[in-house]
């Protein structure tokens with residue numbers, strides 16, 4: 001069966017959440033948004049392409065920073081309303097220059113920074 005990006009369940013803005021996970025370590029790197037065209041571009045090129053809600057434009061991960069996400073596997077959840085992208089991440093995934101966007105934990109009621117920005 002051929003995959004059709006239109007078969008996914010998008011929100012009222014035409015977006016679907018996409019979770020980027022390191023394919024070797026399993027670490028969750030980031031969460032971003034895609035529309036049907038970003039899904040199609042990602043599958044066509046192998047370079048992960050998101051939809052920037054703030055800029056209202058396509059965003060190819062690493063295009064300006066060099067911190068490229070190469071698609072390894074593309075997965076759709078059971079409700080077809082969330083994506084899991086297994087990626088080969090070059091450099092930090094987070095715009096704060098950290099490996100992952102999930103660098104803050106809440107422990108005993110306090111925020112704890114788990115990692116510093118990469119040099």
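The numbers here are math on the coordinates, done by the rules we state, and not lab data. Everything numeric here is computed off the predicted structure, so don't read it as measured data.
The relative contact order of the range 25-97, computed from alpha carbon pairs under 8 Å that lie at least 6 residues apart in sequence, is 23 percent. Relative to the longest principal axis of the C-alpha atoms of the chain, give the angle of the C-alpha long axis of helix 36-45, reported between 0 and 90° and rounded to the nearest 10°. Taking Cα atoms only, the helix is inclined about 80 degrees.
Coordinate range of the alpha-carbon atoms in the range 5-113 per principal axis, descending: 43, 30, 29 Å.
Cα-based values for the range 49-119, radius of gyration first and Dmax second, are 14.7, 40 Å.
Note on the chain: GNM, Cα springs under 10 Å; of 14, 62, 91, the largest mean-square fluctuation is that of 14.
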